[in-house]
Structure formats: C-alpha cells, structure tokens
Amino acid sequence: MAVSIELTKEYGYVVLALVAYAFLNFWMSMQVGKARRKYKVFYPTMYAVESENKDAKLFNCVQRGHQNSLEMMPLFFVTLLVGGLQHPVIAAALGAFYTVARFFYFKGYSTGIPENRLKIGGLNFFAVFGLIICTASFGINLIIRESL
C-alpha cells in the first residue's frame, strides 16, 4: 500500500531552516578562504603542517571547524527534511537551533583552541538527536499505518 504525503504550509519553515544552514556553510567556506590567505596555506593543501607553518594550528582549527560541519551536513539535511514531513514545526525549530549552535561551534573552533567549539557549539548534538527522533517517529508511523 502506498502512502501519500501532503506538505503543509509549515513545511516551509523546514525549507527555510535548510536555507539558513546553506548560508552559514557558505560563510564558513569564506572564513576558510580568508584563513588560507592570512596563514599562507594554499590549495590544494587541506591542512597546514606545523613543521612548515608556525600558524598551522590556527589555520587547521578554522579548516576543521568547517570540515566537521561538512561531515555532519548529510545527517542534518536528511533528518531535517524527512523528520520535518511529520513534525515540521519541531524539525524547523531544531534546524534553526542547530544552525545557531553550528555557528558558535565554528567560531569556538576558529579561536585555535579546539575545546572552545563545545562551549555553546556543543549544543548542536542535541538538535541532531532531536531530528533523529523526529525522523524515527515518521518512519514508525509509516510502518504503523501500513499495518492497519
């Protein structure tokens, strides 16, 4: 049996949360570009080597803040979009919270002290966990509907 999905107008908030993160990602990539120029780490080098660059740790922290955000992006996007099908307002709020927390994660990491990423930025994991629950709820409800 097929299940049809009707998008409510509230799903628009989910889409906007995704767009907000896209802008954040674009901004983070620009910060890495600025750090490349400032610390003289040129493409295609992904990470600076401390024996070759006295500012390697500072650059690497900026690069790592963005790279970690890229690594988490697929999980965030999928759980936001799928979990938002059933729980659009909750998913959008968690998506907005995640985006703000990721900003602070990046800013903290960019200080050159990696532990600073977790002060406020560590809260992003609560948002992802909430989005995983929304997505699981959607999946469970699909199965339950199918078996009725």
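The values are calculated or read from the model by the stated rules, or taken from the named source; none is laboratory data. The model shown is predicted, which means the values in this text are computed figures rather than measured ones. No Cβ is skipped: glycine too gets one built from the backbone with ideal geometry, and neighbour counts run over all protein chains shown.
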Has segment 107-120 got any residue that is more than 25 Å from A35 (Cβ to Cβ), at pLDDT 95 or above, crowded, with 20+ Cβ neighbours inside 10 Å and among the hydroxyl-bearing types (S, T, Y)? no
Residue in segment 49-77 that is farthest from the chain's Cα centre (by Cα), counting only those that are surrounded by 14 or more Cβ atoms within 10 Å (Cβ to Cβ) and over 23 Å from R102 (Cβ atoms): N53
Could you list, in sequence order, all residues of segment 22-48 that are crowded, with 17+ Cβ neighbours inside 10 Å and either β-branched (V, I, T) or without any contact (Cβ under 8 Å) to a residue 12 or more places away in the chain (or both)? V32, V41
Over segment 109-126, the set of residues without any contact (Cβ under 8 Å) to a residue 24 or more places away in the chain and not aromatic (F, W, Y) is E115, N116, L118, K119, I120, G121, G122
So if I check each of V100, V89, which one is more than 17 Å from T111 (Cβ to Cβ), surrounded by fewer than 19 Cβ atoms within 10 Å (Cβ to Cβ) and free of Cβ contacts under 8 Å to residues at least 60 places away in the same chain? V100
Exactly one condition in (1) in a loop (DSSP other than H, G, I, E, B); (2) in contact with a Pro (Cβ under 7 Å, 6 or more places away or on another chain) is not met by V49; state its number. (2)
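Kindly indicate whether T79 is of a type in the set (S, T, Y) and either modelled with pLDDT of 95 or more or under 29 Å from I132 (Cβ atoms) (or both).
Judged against the criteria, T79 is a match.
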Please indicate, with yes or no, whether at least one residue in segment 4-21 is within 16 Å of the chain's Cα centre (by Cα), over 18 Å from S110 (Cα atoms) and without any contact (Cβ under 8 Å) to a residue 60 or more places away in the chain. yes
